[in-house]
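Asks: Take this structure first; my questions come after.
The values are calculated or read from the model by the stated rules, or taken from the named source; none is laboratory data. Just so we're clear, the structure is a prediction, and the values are computed from it rather than from any experiment. With ideal geometry, Cβ positions are generated from the backbone for all residues, glycine too; neighbour counts draw on all protein chains shown. These area figures cover heavy atoms from the full protein model, side chains too; ligands, DNA and RNA do not enter into them. Shrake-Rupley method; radii C 1.70, N 1.55, O 1.52, S 1.80 Å.
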Amino acid sequence: MEHRYILHFLTPSRHASPFDVNMALDAGFDAVMPYSQVTIDDVGPLTQDAIFSRGPNGVKRTGIFIGGREVELAHDMLEMAQSAMVPPFQASVFADPSGAYTTAAAMVAEVERLLKASNRPGLQALNVVVYGIGPVGACTAVLAAGAGAQVAIVSHNSEVRARSVAAMCQARFGATIRSACAADSQQKQSLIRDCHVLLACGKAGVRLFSRDELSAARELLVAADVNAVPPEGIEGVGALDRGKALPAGSGRALGIGALAIGNAKFKVQRGLFERMRLAEHPVYFDFRDAFELARELSA
């Protein structure tokens, strides 16, 4: 009997994400088995339980997905799963906590696409402000820095937390990122005055930047917003915008909305699930692999 495609979904959260379950099944997995409240110490034993039960041929049709909310923990869990493999019993592993890896990859790739369409080489040497220090913000900051940008990651209420996230990005991923805090309108205007790219990675349904604040952005080229819940995170950036003119101080800014980013994110996540399922040899995917695919799809 032919082995079925099985995905074991490990998450430190109370529940496995229904979004990720749907994505995996639609990408061709026959079954998705969720394991909640998984600790880092659980990953090795669970991985070996999954791989040793199917034989060398069956393990090729076995995958492990890492969820949760924390970028650093997801990265550690991916590495733990990989180190638990015992050749020839090796399964593929894909980490995407809260969809942050694929969302960040889609966001930065969409920004690069617009810049290149405007005859710019990409993010090299541009000033990028990432507003939001959650999982998407952290991954976005690392990817933008890796693409050559000068990046600041910004909290709306805690310089200490922003500094901590920037330090984690440096220690774990080698990304040099500045940190800042900007809570009121004056601070926000000062923050984006010389900003070329503004990436809003804040909570859903929260207005982060108003039209008045954007008027201070005299160098702004692109603004992207991952918030799909009204009001938009950046006023004037519609959810479906994919290069629409945006009123700003520069007079030449373009906007990218949440659903445009979400459509690219959907393709990236599904694509990685499909590659994982069909791989002849084990693959291990994190946000850098997601970014590579996002760039391919946006080209």
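Asks: Out of all the residues in segment 6-21, which are of a type in the set (V, I, T) and in contact with a Pro (Cβ under 8 Å, 6 or more places away or on another chain)?
Replies: The answer is T11, V21.
To keep it simple, each residue is scored yes or no on (1) closer than 17 Å to M276 by Cβ; (2) surrounded by 15 or more Cβ atoms within 10 Å (Cβ to Cβ); (3) under 21 Å from the mean Cα position of the chain (by Cα).
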position	(1), (2), (3)
H3	yes, no, no
P18	no, no, yes
A24	yes, yes, yes
D30	yes, no, no
N57	yes, no, no
E70	no, yes, yes
A74	yes, yes, yes
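Asks: Has segment 20-39 got any residue that is in contact (Cβ under 8 Å) with a residue 60 or more places away in the chain and at positive phi?
Replies: yes
Asks: If I filter segment 152-159 for residues that are open to solvent by 10 Å² or more (accessible area, probe 1.4 Å), modelled with pLDDT of 95 or more and of a type outside the set (V, I, T), do I get at least one hit?
Replies: So far as segment 152-159 goes, no, none of its residues is open to solvent by 10 Å² or more (accessible area, probe 1.4 Å), modelled with pLDDT of 95 or more and of a type outside the set (V, I, T).
Asks: Follow-up. Take residues that are closer than 28 Å to K265 by Cα and tell me which of the helices (runs of 4 or more DSSP H) falling wholly in segment 1-90 contain 1 or more.
Replies: Fully inside segment 1-90 and qualifying: 18-26, 40-52, 71-83.
Asks: Go through segment 97-143 and count every residue that is closer than 16 Å to N227 by Cα, open to solvent by 10 Å² or more (accessible area, probe 1.4 Å) and part of a helix (DSSP H, G or I).
Replies: Residues in segment 97-143 being closer than 16 Å to N227 by Cα, open to solvent by 10 Å² or more (accessible area, probe 1.4 Å) and part of a helix (DSSP H, G or I): 4 in total.
Asks: When you check F94 against the structure, is it open to solvent by 50 Å² or more (accessible area, probe 1.4 Å), among the hydrophobic types (A, V, I, L, M, F, W, C) and either within 28 Å of A258 (Cα to Cα) or touching a residue at least 24 places away in the same chain (Cβ under 8 Å) (or both), yes or no? Break it down into steps so the answer makes sense when it comes.
Replies: Numbers: open to solvent by 50 Å² or more (accessible area, probe 1.4 Å): no; among the hydrophobic types (A, V, I, L, M, F, W, C): yes; either within 28 Å of A258 (Cα to Cα) or touching a residue at least 24 places away in the same chain (Cβ under 8 Å) (or both): yes.
When the stated conditions are applied, F94 does not pass them.
Asks: Restricting attention to segment 33-47, report how many residues are out of contact with any strand residue (DSSP E or B) (no Cβ under 7 Å at 6 or more places or on another chain) and either of a type in the set (A, V, I, L, M) or within 12 Å of P87 (Cα to Cα) (or both).
Replies: Of the residues in segment 33-47, the ones out of contact with any strand residue (DSSP E or B) (no Cβ under 7 Å at 6 or more places or on another chain) are 36-37, 39-42, 44-45.
Now drop any that are not either of a type in the set (A, V, I, L, M) or within 12 Å of P87 (Cα to Cα) (or both), which leaves 40.
Residues that pass the stated criteria total 1.
Asks: For segment 254-262, indicate whether the set of residues that are open to solvent by 70 Å² or more (accessible area, probe 1.4 Å), of a type in the set (A, V, I, L, M) and at pLDDT 95 or above is non-empty.
Replies: The answer is yes, given that some residue of segment 254-262 is open to solvent by 70 Å² or more (accessible area, probe 1.4 Å), of a type in the set (A, V, I, L, M) and at pLDDT 95 or above.
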